[in-house]
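These notes are about the structure you will find just below.
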Ligand code: SF4
Ligand code: MG
């Protein structure tokens, strides 16, 4: 959970007291080595905040992060953070902003390798660039970020993250700022790295079609809460939650990752709500065509749904599906 304080001004501050943005509420997920997990949602749904919490760039308001089953809650301090950062690395949306324009590729990678005690000279640089398919290394090492294409810059950012030999990569919209024609190449590279390095990858995106293409598991966020999850094929082809339906049906083309227009617009589906005063009950209820009375007052809990294993949804429409057969039978006889 992450709540950000909001500075209120004037009379509002006096009458209502301190306010918070409910950026992330009770979100729970597991990353596993050798698996890509997509976290899908509109902008403002809290997905980037989840990545930053997992990277421990933000302190959390509540909850815990466990790595290899060990809580990160008890220990603090710089040394502990460095050890965590070695295992969990982040890739940002804008490779231009995350690389320092006054330093060469050589400088960026050498520094990252040295921080993690893995610099062993020229061949360690060539190995990193080889991992991201920038070969021969001599073509790239002396270049500055502005001398590289967007795709090459993102590959250098990925190489820098790999310098730590991490177990997990947190990739926040890693291709959304790239030219559509090269997105697929970068996603394929990440998938290849997942296999070869047995990485756990969190892939954050607003583009559910790319999640189907690229991720093993897909989780859907709406207004700071997680609303559905399961294997990508099931969630994207047989979505249960009304919001996931909306996402799937407003994504015009499953091949869009290869090119095409923006994923969807909100014209006839309404806007995501303010997270300062989020809607009560199910946060999707003001936009949901199937909303019932209970939706306005009570937060739906996760329940297993359908035939696919581990497909879950948080929606009152599926209240009964998650119960065991025995239980429903009992309820009927009672
Ligand atoms: Fe719609 Fe209710 Fe399900 Fe929320 S809980 S998605 S409002 S039906
Ligand atoms: Mg974001």
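No value in this document is a laboratory result; all are computed from the given coordinates. These figures come from a predicted structure and were not determined experimentally. Note that each Cβ is placed from the backbone with ideal geometry, even for glycine, and that neighbours are counted across all protein chains shown.
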Report summary line: Helix 78-87: inclination vs the chain longest Cα principal axis, degrees, rounded to 10, gives 90 degrees
Query raised in the report: Roughly speaking, what is the stretch gain from residue 56 to residue 319, that is 0.36 nm per residue apart minus the C-alpha to C-alpha distance, in nm to one decimal?
Result: 91.2 nm
Report task. At 0.36 nm per residue, minus the direct Cα-Cα distance, what do residue 188 and residue 64 gain on full extension? Give it in nm, one decimal, please. Result -> 41.5 nm
Report summary line: Comparing 69, 44, 117 in a Gaussian network model of the chain (Cα, 10 Å), the one with the largest mean-square fluctuation is 69
Query raised in the report: Where is the GNM fluctuation largest for the chain (alpha-carbon springs, 10 angstrom cutoff): 166, 136, 273?
Result: 136
Report task. Taking every pair of alpha-carbon atoms in the stretch 27-78, give the share separated by more than 16 Å as a whole percent. Result -> 48 percent
Report summary line: For 144-151, 89-96, ranked highest to lowest by mean beta-carbon neighbours within 10 Å, the order is 89-96, 144-151
Requested in this report: Rank by packing, highest mean first: peptides 48-54, 222-228, 97-103, with packing defined as the count of other Cβ atoms within 10 Å averaged across residues.
Outcome: 222-228, 48-54, 97-103
Report task. Pick out which of 126, 200, 215 has the largest mean-square fluctuation in a Gaussian network model of the chain, springs linking Cα atoms closer than 10 Å. Result -> 126
Query raised in the report: So what's the gap between the Cα centers of the stretch 168-191 and the stretch 87-128, to the nearest angstrom?
Result: 18 Å
**Report entry** Nearest-0.05 FRET efficiency for residue 80 and residue 147, computed from C-beta distance (R0 30 Å)
**Finding:** 0.20
Query - P(r) tail fraction, the chain - alpha-carbon pairs more than 31 Å apart, % - result: 39 percent
Query - Mean ellipticity per residue at 222 nm, deg cm²/dmol - from DSSP H runs of n ≥ 4 across the chain, formula -39500 (n - 2.57) - result: -10000 deg cm²/dmol
Requested in this report: Figure the gain on full extension for residue 111 and residue 177 (residue separation times 0.36 nm, minus the Cα-Cα span) and round it to one decimal in nm.
Outcome: 21.2 nm
**Report entry** Label-point separation in nm, residue 6 to residue 237, each point 7 Å along Cα→Cβ
**Finding:** 4.2 nm
